[in-house]
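The values are calculated or read from the model by the stated rules, or taken from the named source; none is laboratory data. Please read all numbers here as calculations on a predicted model, not as lab measurements. Surface accessibility is based on the protein's heavy atoms, side chains included, excluding ligands, DNA and RNA. Shrake-Rupley method; radii C 1.70, N 1.55, O 1.52, S 1.80 Å.
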Amino acid sequence: MRIIETPIPLRELNEIREKSGADVELVFLEKVERNGIPLNVVLIRGAIPEIERFMEKLMVARAGG
């Protein structure tokens, strides 16, 4: 399990999850604001290697890859 805070919409997170092929579940927990930026707090459920696979794809996707 891992919790992230991200400005990325859930729809886009789910698209990234599907493209990554990672066997993880994304659960929206709440919306918070940090320094005026709205962030989604999302729980990522799955085995550690699957979470790592998803996070790697997420980082590449957000870096423009």
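Here are the numbers:
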{"item": "For the chain, accessible area per residue (1.4 Å probe, heavy atoms of protein chains only), Å²", "result": "68 Å²"}
{"item": "Viscosity 0.692 mPa s, 37 °C: Kirkwood-radius Stokes-Einstein D of the chain over Cα pairs, µm²/s", "result": "275 µm²/s"}
{"item": "Contact order relative to length of the chain, as percent, for alpha carbon pairs under 8 angstrom and 6 or more apart", "result": "41 percent"}
